[in-house]
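The values are calculated or read from the model by the stated rules, or taken from the named source; none is laboratory data. What you see is a predicted model, and the numbers here were worked out from it, not measured in a lab. Cβ placement follows ideal geometry from the backbone for every residue including glycine, while neighbour counts extend to all protein chains displayed. Heads up: the accessible areas ignore ligands, DNA and RNA and are worked out on the full protein's heavy atoms, side chains in. Shrake-Rupley method; radii C 1.70, N 1.55, O 1.52, S 1.80 Å.
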Amino acid sequence: MRRAGQVVREVLELVRSLVRPGATTLDLEKAAEERTVKLGARAAFKGYHGFPCVLCTSVNSEVVHGIPSAKRILREGEIVSVDFGAFVDGYCGDAAITVPVGEKIDPQTARLMKVTERSLYAAIDVVRPGATLGDVGSAVQRVVEAEGFSVVRDFVGHGIGTHMHEDPQVPNFGEAGRGMKLRTGMVLAIEPMVNAGKPDVVVLGDGWTTITADGSMSAHFEHSVAVTATGARILTE
Ligand code: MG
């Protein structure tokens, strides 16, 4: 799973380097697919319940599951969440980053990205044998809500292994001490989706692209994280 995680990291860093004003989200998709093939991995999203691409590219108020397109030209000041998964030798890795387009990101949006990433690491910090899923969710929620942002409830993280989506569900909210206890050997994809405004989301007519109901900006960060005897090991860094 570490090897799958390394492929995911390499592809995400490649995509990050290509995000700039004037690039299209399809440019990112093509580069990601080419690198995945070169690395001998299999992209996890393409064909998953009919999803057409290897990347999810979700711009601005798009929360998750945006579909790369030649028509979507990235512009200065926008943000794009890039989610990618890959299989190596039957095991899956899954991670996401949110990347600014250009330099002129408004301060509130820059803060949204920072807080979302910080909430992911707060959750990873509590991962150890005996901690609970409620500990993980409440760690995300505490960081996000203290900054006046909101956690998306309609989508959650997940267990990951020989399948991309395995039990248990890993909510980004909850009560400390509640829920399933973590055990050594479990691997979780922890993925806070955070809205600048209200938590409500809407799925568009394409059946995939999910946007904030109030039009506010949204950010998304994800790592696949193994539970070890000594705490968390991030497999996708
Ligand atoms: Mg995931």
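State all residues of the stretch 64-88 that are part of a strand (DSSP E or B) and either within 13 Å of the ligand (Cβ to nearest atom) or among the aromatic types (Phe, Trp, Tyr) (or both); if no residue qualifies, say none.
Hits for the stretch 64-88 are Val64, Ser81, Val82, Asp83, Phe84, Gly85, Ala86, Phe87.
Of everything in the stretch 208-236, what is outside any strand (DSSP E or B), small (Gly, Ala, Ser), open to solvent by 30 Å² or more (accessible area, probe 1.4 Å) and touching a residue at least 24 places away in the same chain (Cβ under 8 Å)? Give them in sequence order. I'd like the intermediate steps shown before the answer.
First, pick out the residues of the stretch 208-236 that are outside any strand (DSSP E or B): 208-209, 213-217, 221, 229-230, 235-236.
Next, from what is left, pick out any that are small (Gly, Ala, Ser): 213, 215-216, 229.
Imposing the further condition that a residue be open to solvent by 30 Å² or more (accessible area, probe 1.4 Å) reduces the set to 213, 215, 229.
Residues satisfying the conditions are Gly215, Ala229.
If I ask for residues that are among the hydrophobic types (A, V, I, L, M, F, W, C) and in contact with a Cys (Cβ under 8 Å, 6 or more places away or on another chain), which ones from the stretch 120-172 would you list?
To start, the set of residues in the stretch 120-172 that are among the hydrophobic types (A, V, I, L, M, F, W, C) comprises 120, 122-124, 126-127, 131, 133, 136, 139-140, 143-144, 146, 149, 151-152, 155-156, 160, 164, 170.
Matches in the stretch 120-172: Ile160, Met164.
Take Ala219 and decide whether it is touching a helix residue (DSSP H, G or I) at 6+ places or on another chain (Cβ under 6 Å) and of a type in the set (Gly, Ala, Ser).
Details: touching a helix residue (DSSP H, G or I) at 6+ places or on another chain (Cβ under 6 Å): yes; of a type in the set (Gly, Ala, Ser): yes.
In short, yes.
Pairs please, first residue from the stretch 1-17 and touching a residue at least 60 places away in the same chain (Cβ under 8 Å), second anywhere and of a type in the set (Phe, Trp, Tyr), Cβ atoms under 6 Å, 6+ apart in sequence or on different chains.
Listed by first residue and then by second, the contacts come to Met1/Tyr91; Ala4/Tyr91; Val8/Phe84; Val11/Phe84; Leu12/Phe84.
Checking the conditions here, which among Met180, Met186 is at pLDDT 95 or above and under 25 Å from Val8 (Cα atoms)?
Being at pLDDT 95 or above and under 25 Å from Val8 (Cα atoms) holds for just one of Met180, Met186, which is Met186.
How many residues, within the stretch 101-119, are under 13 Å from Ala219 (Cα atoms) and open to solvent by 50 Å² or more (accessible area, probe 1.4 Å)?
5
Outside any loop (DSSP other than H, G, I, E, B) and either surrounded by fewer than 20 Cβ atoms within 10 Å (Cβ to Cβ) or touching a Gly at 6+ places or on another chain (Cβ under 9 Å) (or both): is that true of Arg20 in this structure?
Against the criterion (outside any loop (DSSP other than H, G, I, E, B) and either surrounded by fewer than 20 Cβ atoms within 10 Å (Cβ to Cβ) or touching a Gly at 6+ places or on another chain (Cβ under 9 Å) (or both)), Arg20 does not qualify.
Anything in the stretch 196-207 that is of a type outside the set (Gly, Ala, Ser), open to solvent by 60 Å² or more (accessible area, probe 1.4 Å) and assigned to a loop (DSSP other than H, G, I, E, B)? List them, or say none.
Answer for the stretch 196-207, where residues must be of a type outside the set (Gly, Ala, Ser), open to solvent by 60 Å² or more (accessible area, probe 1.4 Å) and assigned to a loop (DSSP other than H, G, I, E, B): Lys198, Asp200, Leu204, Asp206.
Mind listing just one residue for me: the one in the stretch 148-170 that is surrounded by fewer than 16 Cβ atoms within 10 Å (Cβ to Cβ) and more than 30 Å from Asp89 (Cα to Cα) and, of those, nearest to the ligand (Cβ to nearest atom)?
So the residue we want is Asp154.
Could we say that Glu103 is closer than 24 Å to Gly148 by Cβ and more than 16 Å from the ligand (Cβ to nearest atom) here?
No, not satisfied.
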